[in-house]
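The values are calculated or read from the model by the stated rules, or taken from the named source; none is laboratory data. Computed from a predicted model, the values in this text were never measured in an experiment. Every residue, glycine as well, gets a Cβ built from its backbone with ideal geometry; the counts of neighbours run over all protein chains shown. Only protein heavy atoms, including side chains, enter the accessible area calculation; ligands, DNA and RNA are left aside. Shrake-Rupley method; radii C 1.70, N 1.55, O 1.52, S 1.80 Å.
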Amino acid sequence: MLRARLTYLLTAFVLLTGLLGWESARSAAIAGDQPDDSYQYTLLFARVLQLVRQDYVDPEKTSYKDLTYAALRGMLSSLDPHSQFLDEESFQDIQRETRGEFSGLGIVIGVKNGSLVILSPMDDSPGGRAGLMPGDKILKIDGKNTEKMSLADAEKLLKGEDGQKTHLTLLRPITGAIGGGNVFEVVLTRETIKVASVKDPHLIPTAMAGPDKIGYVRIEEFSDNTADELDEALNPLEAQGLQGLVIDLRNNPGGLLDSAVDVAGKFVPPGTVIVSTKGRTPDVAQDFRARMEKEHPDYPIAILINGYSASGAEIVAGALKDLHRAILVGETTFGKGSVQTVQPLGNGVGLRLTMAKYYTPSKKTIHEVGVSPDIDVPISDAEERRIVLVESHRPLTPEEQVEAAKMDDRQLDRAVIALRSIRIYKDRQAMLNAPKPAAKPDDAVAK
């Protein structure tokens, strides 16, 4: 009887691997395994699954679905923080997020130096209104310690239905201190988050920009509509005679690859390589090029980056730097340069798997390295918190108002100075290269 069950489970498991697109012998060859390893370890999995099913003390925990899902979660989480088995709920969340709408707390999280941290609090969201900041370490979620928690498990705990509450315990590092910080707690209520990815387009005041018409726009993340939103933000600024542009990608956690490629493609000729991917097999190697869309005027661009600019933000920054289309101002980026594809597996579940790594047009890797600025302007955690407070456009507490009043965005100042310098240089070069007027003949000598 046991042999028959094992044979049935083995057949089912091989069929499952077929659905995932992996043929056993091919996988063994790619991985460098022995030809019979596939059978041996598949049989081991099936045997353990059946032993748990027949002998585990709590039978309500041993449904085939529960055990298989748990095994798949463990398998994917052992690879890297970004690969993930997507159950029905998680797969729906992924689809909603790419449309720019989902239910949650409005914070983007990641793993930095082994800790679960907030990469970006979203404007007008529970997390943003509660004053959470990039770099805040999440110690507990609803009382559960995050020390050994996977990124996928943390993301799942943070999402839920509208109106549900979650309790976070956080650590805010102290500027200049090695370790330690201020521990605090917040209770947030989930709500539907509608993400407008392009924010705050305006001409920088003359007090900072002088007579130059320098525009500013902030991109919070890269979703389906980001490229179109950017056009809508820039069109009125360009109609006013825009002479330079600051694109703020600080604390931008990334998003959709195609969206990031389209944004960078707005500023370079069609067909230009924006980013390349290279993975384990030749079929994932690909060049992503600027498409035949509207190209904006050739005004100088400065891009603001920091240690929480990740993924899509690094693609845009790295591409426009390599292509000599923009200067980067700020701090080295996060270094999340791996490619995840989402594959539907049927029955409402899916797989998010790291398939490749990103490379800039000059073939520099982004992953675990980041993109370095042309003009290095490091700022303290306190300065960064003041910038986030001002950018949030939410009512501030009296204490926050005092803190925000001290705001001096040195990175933006340096970007504006750089753009003004470029404009002055170009104007002088144009004057030097302008055709000189023909000399007038001397007046005839009077006789």
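Given the chain, report the % of alpha carbon pairs whose separation exceeds 39 Å.
For the chain, the fraction of Cα-Cα distances above 39 Å is 31 percent.
Testing the spin-label approximation: label points 7 Å from Cα along Cα→Cβ at His324 and Lys199. State their distance in nm.
It is 3.5 nm.
So which trypsin sites (Lys or Arg not before Pro) in the stretch 111-178 end up in coil per DSSP with only 16 or fewer other C-beta atoms within 10 Å?
Details: sites: Lys112, Arg129, Lys137, Lys140, Lys144, Lys148, Lys156, Lys159, Lys165; in loops: Lys148, Lys159.
Here the trypsin sites (Lys or Arg not before Pro) that fit, given the DSSP loop and packing criteria, are Lys148.
Using only the C-alpha atoms of the stretch 243-381, find the volume of their convex hull and express it per residue in Å³.
126 Å³
Starting from the Cα coordinates of the stretch 165-280, work out the convex hull volume and express it per residue in Å³. The partial results should precede the final answer.
Values: hull volume 25.9 nm³, N = 116.
Hull volume normalised by residue count: 223 Å³.
Given a 1.4 Å probe, how much area per residue of the chain is accessible, in Å²?
Numbers: 23260 Å² over 447 residues.
I get 52 Å² per residue for this part.
Within the accessible area of the chain, what % is carbon and sulfur when the probe is 1.4 Å and the other protein chains stay in place?
Percent of accessible area from carbon and sulfur atoms in the chain: 55.
On a 0 to 90 degree scale, rounded to 10, what angle separates helix 64-77 from the longest Cα axis of the chain?
40 degrees
Exceeding 23 Å between C-alpha atoms, which entries from my cross-link table qualify? They are Lys194/Lys406; Lys137/Lys194; Lys156/Lys278; Lys137/Lys159; Lys194/Lys364; Lys137/Lys278.
Lys194/Lys406; Lys137/Lys194; Lys156/Lys278; Lys194/Lys364; Lys137/Lys278
Could you tell me how far the Cα centroid of the stretch 225-256 sits from the Cα centroid of the stretch 139-164, in Å?
33 Å
What length, rounded to one decimal in nm, is gained on full extension from Gln429 through to Ile417, with 0.36 nm per residue of separation minus their alpha-carbon distance? Can you show the working numbers first?
On the way: separation 12, 0.36 × 12 = 4.32 nm, distance 1.84 nm.
Result: 2.5 nm gained on full extension.
Looking at the stretch 112-193, I'd like the Rg to Rh ratio, where Rg is from alpha-carbon atoms and Rh is Kirkwood's inverse mean 1/r.
Checking Rg against Rh, the ratio lands at 0.95.
Under 12 Å from a label point 7 Å along Cα→Cβ of Lys364: give me every residue in the stretch 331-350 with its amide N that close.
Counting backbone N atoms under 12 Å from the label point, the list is 332-333.
Springs between alpha-carbon pairs under 10 angstrom, Gaussian network model over the chain: which of Glu314, Glu147, Glu60 fluctuates most?
Highest fluctuation among the options: Glu60.
Please turn the phi angles of the stretch 328-337 into ³J(HN,Hα) values with the Karplus equation 6.51 cos²θ - 1.76 cosθ + 1.60 (θ = phi - 60°), one per residue in order, whole Hz, x for glycine and proline.
Each residue's phi maps through the Karplus curve to give 9, 10, x, 9, 4, 6, 5, x, 9, x Hz.
At a Cα cut-off below 19 Å, give the aspartates and glutamates reachable from Lys140, other chains included and same-chain residues fewer than 8 away excluded.
Asp153, Glu155, Glu185
By how many nm would the segment from Gln164 to Ile375 grow when fully extended, if each residue of separation counts as 0.36 nm and the alpha-carbon distance is taken off?
The span from Gln164 to Ile375 would gain 71.6 nm if fully extended.
What length, rounded to one decimal in nm, is gained on full extension from Gln95 through to Asp287, with 0.36 nm per residue of separation minus their alpha-carbon distance?
66.6 nm
Would you compute, from DSSP H runs of 4+ residues alone, the mean residue ellipticity of the chain at 222 nm, taking -39500 (n - 2.57) per run and dividing by the full residue count, rounded to the nearest 500?
It lands at -11500 deg cm²/dmol.
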